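S.K.: This is the structure I have questions about; it appears just below.
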Amino acid sequence: MLVNGKELIEEFDLEKAKASAGSEITVCACVHKVNDMGAFSFIHLRTARYVVQSVYDSANCSDSMEGVKEGCYVKVKGTVRAEERAKNGIEIVISSLELLHKPDYDYPLHVSKWKLGCSLDINLDNRGVALRNPAERAVFKFQEGVVSAFRQFMLDNKFTEIHTPKIVAQGAEGGANIFRLDYFDNEAFLNQSPQFYKQAAVAFFDRVFEIAPVYRAEKHSTSRHLNEYIGLDFEMAFIDSMYDVMAMETAMLRYMMTYLKENYAPEIAMLKADIPEVNEIPAIKFEDAVALIKGSKSKNKFDLEPEDEVFLCEWAKKEHGTEFVFVTNFPSSKPPFYAMDDKGDPRTACKFDLLFRGLEITTGGQRIHDYNEQLEKMKRQGLDPEDFKYYLDSHKYGLPPHGGLGIGLERLVMKLLGLQNVRQASMFPRDLSRLTP
């Protein structure tokens, strides 16, 4: 296709290349590895998604291979031929080799190895190089699939995508776990959640979703916590109960797993990912879950501890044959203040968590839409409604019954891929001690 007199540059397409066996193609790529076989050389080309084998032989190519090594960027022309012994079933017989760029330094990591073979800290300190390793970068191609599936499901179900501020006057969750910053002559915060804006938006869009950063100033240094992560959020109007939100998430996850299998098979195979079947997801009330957790060392019975989440997921797999479980009806005295109290049992709130493979990946529920009810709950939790004037304007002028949820993208990817640390699912993680690279 010509645009303004220029042919658009195309990225390498494996399926198109396979279909063009016997024809000449052009590939721009990074040299992933060179195997010198004496009479000829294998040059493994790393494209944006694949590593493709090419063969250099001076009898077929008059261009010199001098200076071509791991890390160089090249433009290769050659004939495609089927080769079942090659990783992707084809190889390119090079007829033209152009060296586009040669790096000044060798890689500090073993990029061409199956695994980098270094500690997580060294990986993260050298992230710009580490992500050149095919298995490392496959995590983020797979992550793209999770985000794409979420977005497509939302759009298919008539949700409107919104983009909300990340610099705000007050936090949605309150408390100490909020980042403060100078905003000209005022104090401002990094948003903990798009919650306030999602609720405002259901008044005019009915259904909304957002994919955006979330900030939590929690002083945790664990394998499950980040201080900046990507939230997959949605909010929906005209619900009867939080169970409508739970049903929507179940349908979304079912769609997502199918989407990943259909569109991200190379990454699933490379990473040996275990993609679960999503059928009916069982739900257990918090009070019943606490009674079920016998022998738990947890002393906090207003929330679940990590070992409790592991226990409940094991229980769900044994009793219900699923790796997911909803925990509902948390104590109403516990934040957030916007969670509606259960009319049948005001001691509890219409709030739920979704646990997957031993980890909370979602929190959600039905929100308070009545103005006076929201005022009363704020006061019960020791909050001053005047501090939330603009949030309460939505309630003052009327909101439909609504609810929603937030999913931690990195946690979901971590569990789908069986990673040991959530930082492995963050391209450039931000935590208690890491602000670079």
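S.K.: Give me the helices (runs of 4 or more DSSP H) completely within the stretch 199-305, filtered to those with at least 2 residues that are of a type in the set (Ser, Thr, Tyr), ordered by residue number.
M.R.: Working: elements: 242-263, 265-271, 286-292.
Qualifying helices (runs of 4 or more DSSP H): 242-263.
S.K.: Being out of contact with any strand residue (DSSP E or B) (no Cβ under 7 Å at 6 or more places or on another chain) and among the hydrophobic types (A, V, I, L, M, F, W, C) is the requirement here; does LEU45 meet it? Please lay out each step first, then the result.
M.R.: Details: out of contact with any strand residue (DSSP E or B) (no Cβ under 7 Å at 6 or more places or on another chain): no; among the hydrophobic types (A, V, I, L, M, F, W, C): yes.
Judged against the criteria, LEU45 is not a match.
S.K.: Can you spot a residue in the stretch 68-83 that is under 25 Å from GLN143 (Cα atoms), modelled with pLDDT under 95 and either part of a loop (DSSP other than H, G, I, E, B) or touching a Gly at 6+ places or on another chain (Cβ under 8 Å) (or both)?
M.R.: no
S.K.: Could we say that ASP244 is of a type in the set (Asp, Glu), over 28 Å from ALA138 (Cβ atoms) and modelled with pLDDT of 95 or more here? If you could, list the steps in order and put the result at the bottom.
M.R.: Values: of a type in the set (Asp, Glu): yes; over 28 Å from ALA138 (Cβ atoms): yes; modelled with pLDDT of 95 or more: yes.
The answer is yes for ASP244.
S.K.: Return the pair list, or none, for Cβ contacts closer than 7 Å from residues in the stretch 420-437 that are farther than 16 Å from SER119 by Cα and touching a residue at least 12 places away in the same chain (Cβ under 8 Å) to residues that are among the polar types (S, T, N, Q) and surrounded by 15 or more Cβ atoms within 10 Å (Cβ to Cβ), at least 6 apart or on different chains.
M.R.: Correct list of pairs: ARG430/ASN227; ASP431/ASN227; LEU432/ASN227.
S.K.: If only one of GLU277, GLU323 is surrounded by fewer than 19 Cβ atoms within 10 Å (Cβ to Cβ) and out of contact with any Cys (no Cβ under 6 Å at 6 or more places or on another chain), which one is it?
M.R.: Unique residue meeting the criteria: GLU277.
S.K.: Which of the residues that make up the stretch 175-198 are touching a strand residue (DSSP E or B) at 6+ places or on another chain (Cβ under 7 Å) and either among the hydroxyl-bearing types (Ser, Thr, Tyr) or not in a loop (DSSP other than H, G, I, E, B) (or both)? Steps first, answer last, please.
M.R.: Taking the stretch 175-198 and keeping what is touching a strand residue (DSSP E or B) at 6+ places or on another chain (Cβ under 7 Å), we get 178-181, 183, 187-194, 198.
Matches in the stretch 175-198: ARG180, LEU181, TYR183, GLU187, ALA188, PHE189, LEU190, SER193, LYS198.
S.K.: Separate question: Would you tally the residues in the stretch 367-407 being crowded, with 19+ Cβ neighbours inside 10 Å and either touching a Pro at 6+ places or on another chain (Cβ under 7 Å) or within 16 Å of SER193 (Cβ to Cβ) (or both)?
M.R.: The number of residues fulfilling the criteria is 13.
S.K.: Looking at the stretch 46-66, is at least one residue closer than 27 Å to TRP114 by Cβ, touching a residue at least 60 places away in the same chain (Cβ under 8 Å) and not in a loop (DSSP other than H, G, I, E, B)?
M.R.: Taking every residue of the stretch 46-66 in turn, at least one turns out to be closer than 27 Å to TRP114 by Cβ, touching a residue at least 60 places away in the same chain (Cβ under 8 Å) and not in a loop (DSSP other than H, G, I, E, B).
The values are calculated or read from the model by the stated rules, or taken from the named source; none is laboratory data. Just so it is clear, the structure is predicted and the values come from calculations on it, not from any experiment. Counting neighbours? That spans all protein chains shown, and the Cβs are built from the backbone with ideal geometry, glycine included.
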